[in-house]
Amino acid sequence: MVENKEEYFELLKDIKNTLLVTRNKAVENANKELILMYYNIGLKLLENNKWGSSFIDTLAKDLKIDKGNACQKFKIYAEICKRI
């Protein structure tokens, strides 16, 4: 078994810290990527709004996403891009 409990608990603490820091970094990076994705989708929607108001509805349907939810999100993405 463990001969030096103090050394063991130090190792345990170090591994827990490594797990926590790495998980936090992973979440932070995932969030950055999602924000960038939302922004890029919003820009594309704004650049192509020449197709009229049903453009987003059609796009959501063709992407085979839940239409109501996707439409609302796409409209929000475009609105955010307008304001930036």
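Springs between Cα atoms under 10 Å define the GNM used for the chain, and in it the highest mean-square fluctuation of L11, L20, L45 occurs at L11.
If you run the Gaussian network model on the chain, springs between alpha carbon atoms under 10 Å, then out of I56, I41, I15 the most flexible one is I15. Starting from the Kirkwood Rh over alpha-carbon pairs, what translational D in µm² s⁻¹ does segment 5-83 have by Stokes-Einstein at 4 °C and 1.567 mPa s? It diffuses with D of about 85 µm²/s by this estimate.
Taking Cα pairs under 8 Å and at least six residues apart, what relative contact order does the chain come out at, in percent? Reported as a whole number, the value is 32 percent.
Bridging of K64 to lysines at a Cα separation below 23 Å is possible for K44, K50, K73, K75, once same-chain residues fewer than 8 apart are set aside.
Of all the options N17, N49, N40, the one that moves most in a Gaussian network model of the chain with Cα springs shorter than 10 angstrom is N17. If the chain linking I15 and F55 were pulled fully straight, counting 0.36 nm for each residue of separation and taking away their Cα-Cα distance, it would gain 9.4 nm. Within 10 Å of each candidate Cβ there may be at most 14 other Cβ atoms; applying that plus a DSSP loop requirement, which trypsin sites (Lys or Arg not before Pro) in segment 37-84 survive? Of the trypsin sites (Lys or Arg not before Pro), the ones in loops of segment 37-84 whose Cβ has at most 14 other Cβ atoms within 10 Å are K64.
By the helix-only formula, in which each DSSP H run with n ≥ 4 contributes -39500 (n - 2.57) and the sum is divided by residues, the chain has a 222 nm mean residue ellipticity of -28500 deg cm²/dmol. Were the residues from L46 through A26 laid out at 0.36 nm apart, the gain over their Cα-Cα distance would be 4.2 nm.
Kindly provide the GluC sites (Glu not before Pro) of segment 2-84 that DSSP labels as loop, not H, G, I, E or B, and whose Cβ sees at most 12 other Cβ atoms within 10 Å.
Numbers: sites: E3, E6, E7, E10, E28, E33, E47, E79; in loops: E3.
Passing both the DSSP loop test and the Cβ count: E3.
Taking 0.36 nm per residue of separation and subtracting the current Cα-Cα distance, fully stretching the chain between K64 and I35 would add 8.3 nm.
Readers should treat all values here as calculations from the given coordinates under stated rules, not as data from a laboratory. This structure is a prediction, so every number in the text was calculated from the model and none was measured. Positions of Cβ are backbone-derived with ideal geometry, glycine not excepted, and every protein chain shown enters the neighbour counts.
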